[in-house]
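Q: Sharing a structure below in structure tokens format, with a few things to ask.
The values are calculated or read from the model by the stated rules, or taken from the named source; none is laboratory data. Not measured: the values here are computed from a predicted model. Cβ: placed from backbone, ideal geometry, glycine included. Neighbour counts: every protein chain shown. Ligands, DNA and RNA are excluded from the accessible area calculation, which covers all protein heavy atoms including side chains. Shrake-Rupley method; radii C 1.70, N 1.55, O 1.52, S 1.80 Å.
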Amino acid sequence: MAAGGAEVPAREHPSSLAGRWLDAKRQEANRPWRWAVNVLAAFVMTVTLMVILYGSARTSAPSIWISSLRGGSGGDSVLRRQEGSFDKLLGGLLADGFDERSCHSRYHPPCTVAASGRKPSPYLVSKLRRQEALQRRCGPGTVAYSTALEQLRSRSGGVRPREPDPRHRLSIHVRALLTDRVLLVDPSNEMGDLFCEPFLNTTWLLPPGFPLTSFNNFSVDTAESYGNMLKNKVVRTDDGDAPATQLPVYAYIHLNFDATKDDKLFYCDADQRLLRDIPWLMMRTDNYIVPGLLLDRGFQEEFARLFPEPDTVFHHLGRYLFHPTNNVWGLITRYYDAYLATAQHRVGIQVRVFGEQPNSPALLEQITKCTQKHGMLPELLSGTEPLIPRPSRKSKAVLVTSLKSWYSEKLKSMYWEHAAATGESVSVHQPSHEEFQHFGGKSHDTKAWAEIYLLSLTDTLVTTAWSTFGYVAQGLGGLRPWVLYKPENDSVVPDPPCGQDVSMDPCFHAPPFYDCRLKRGVDTSKIMPHVKHCIDMRWGLKLVQTS
């Protein structure tokens, strides 16, 4: 049973909650205008996972990952604190030595960036320095990388080693801190224009000329996917006493929303041991899969050392990896300075509409009920009250992000046409309203990244259920948001309208429901440490602080 008594599906069945979500995801995937913002948000969560899985103190040697997803400088802004008033390296999270002019956002984070009070563990800091050294030693431009490329070109795999030997691995997703892998990211969709380089004196971008020219088209049906190779017995995990197994030179890890039960065996101990010996791994996912990694008991001890506070995974690694480029930082700082900086309290409201009605009075009512019930926004006077409250010096700025301007305009009109019961002033702002979702549009992606970051700078955050856009903002800002519950009926406001999330970490939407050791279906939240079901998706899993 999930939190709140909801039943968790043991299998992915069309009649189950998870099955209905899967059907919705398939319909969305078939739309030609599939939302670029979701792709951008998924990229951010995906790359964070890459760092988690591929850099730990495993005895296996360096590996290479590739991540693939389709999908004004501001240097003098008020976001910049006075010299000496903050730790620009975030407790050792960031490496010193970058040219500050190349990326203003790296060493001049906003005032609210440390609001969570969560510090990275010394062990995480040491592992990040080790990862950076690995990137320089084995990344693009090195002899080790060139040797690995030649191996991939020749398609020569190798006999499964009895002892670890130097390897390089390429992947599309999640694991650089737990297994000593070099992290490379597919640079398509101009990701270099959105994010600063996170590694000093090297790169995380896959250089041109990669031998597998079709890897961007890999899917659930790709023969080289790990799930398909297991199903077709190209590789197997049950041959420990058999003669040495010939392994392929690369494997594709498919963990998108349509991953099969064979694909999800990736999370199991025995499968991780096998994957460790495949030279190149490529991974694609549109999920935040970190909670699933704890199914591998071999990772649990290392994970606990890296993250003594389990709900800070995305918060720490997101701030380490994702620094807006100067162009994006200019959008962020100019908007913040103009509309948010002088307010005493900033409220972020992220609106995503799932129903057919883009301008939903029910959703607007849900937003106002949530924000007023929990004191985020003041209640309104009708104008017939005998006494009007004296004006207050308190001010609140509301930042709304949505494809539509209707919600922010309605809120703005409400607080213009009616006095706040508290007497405080409320201003409502929305940076953009693209109206429709644009896939792969540079301007659209730039604005989306700027708005995600702006949301992370608010003091209180309200997000829409199921939204990766909101997940990224809450993780970067170290915020436990108030989540607008997804209604069963689009015309009925849920009661209660919202609830505060149990942690700042994102929700894993498509977790495995399988006990790798007992080989049967199970509610995996019962067998993994530091994991609970999500409040916005009853079958989803998320990391929480349990002590």
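Q: So, R0 is 22 Å and r is the distance between the beta-carbons of residue 123 and residue 100; what FRET efficiency does that work out to, to 0.05?
A: Using R0 = 22 Å, I get an efficiency of 0.20.
Q: Excluding residues fewer than 8 places away in the same chain, name every one of the lysines whose C-alpha is closer than 25 Å to that of residue 233.
A: Once the sequence-local lysines are set aside, what remains near residue 233 is 261, 264, 519.
Q: Sorted by accessible area with a 1.4 angstrom probe, largest first, how do 345, 433, 509 fall?
A: Highest to lowest solvent-accessible surface, that is 433, 345, 509.
Q: Report ³J(HN,Hα) in whole Hz for each residue of segment 333-339, in order, from the Karplus equation J = 6.51 cos²θ - 1.76 cosθ + 1.60 where θ = phi - 60°; Gly and Pro get x.
A: For segment 333-339, the Karplus-derived couplings read 5, 5, 5, 4, 4, 6, 10 Hz, x marking Gly and Pro.
Q: A further question follows. Taking the Cβ-Cβ separation of residue 155 and residue 442 as r and a Förster radius of 45 Å, what is the calculated FRET efficiency to the nearest 0.05?
A: With R0 = 45 Å, the Cβ-Cβ based efficiency is 0.80.
Q: For residue 514, which sequence-distant residues (separation of 5 or more, or a different chain) have an amide H within less than 5 Å of its own amide H, given hydrogens modelled in the peptide plane?
A: 522, 524
Q: Now for a separate question. Under the rule of at least 5 residues apart or a separate chain, name every residue whose amide H is placed under 5 Å from the amide H of residue 288.
A: 509
Q: Based on the alpha-carbon gyration tensor of segment 430-547 and its eigenvalue square roots a ≥ b ≥ c, which shape applies: rounded if a/c is under 1.5, prolate if not and a/b is larger than b/c, or oblate?
A: prolate
Q: Given the peptides 416-427, 309-320, 523-534, arrange them by the average over their residues of other C-beta atoms within 10 Å, most packed first.
A: Peptide ranking by packing, descending: 309-320, 523-534, 416-427.
Q: What is the set of long-range amide H partners of residue 280 at a cut-off below 5 Å, with H atoms built 1.01 Å from backbone N?
A: HN-HN under 5 Å from residue 280: 170, 250, 251.
Q: Ranked from the most accessible area to the least, with a 1.4 Å probe and all protein chains present, what is the order of 346, 517?
A: Most to least solvent-accessible, the answer reads 517, 346.
Q: Mind checking which lysines have their Cα closer than 23 Å to the Cα of residue 369? Skip sequence neighbours fewer than 8 apart in that chain.
A: 394, 396, 404, 410, 412, 486
Q: Can you order the peptides 225-231, 460-466, 140-146 by their average number of other Cβ atoms within 10 Å per residue, highest first?
A: 460-466, 225-231, 140-146
Q: May I pose another question? Got a number for carbon plus sulfur as a percent of segment 291-405's accessible area, 1.4 Å probe?
A: C and S fraction of accessible area: 49 percent.
Q: Need one value: the accessible area of residue 546 in square angstrom, 1.4 angstrom probe, rounded to the nearest 10.
A: Here the accessible area works out near 90 Å².
Q: To continue, here is another question. Determine the shape class of segment 328-413: with a ≥ b ≥ c the square roots of the Cα gyration tensor eigenvalues, call it rounded for a/c under 1.5, and otherwise prolate if a/b is greater than b/c, oblate otherwise.
A: oblate
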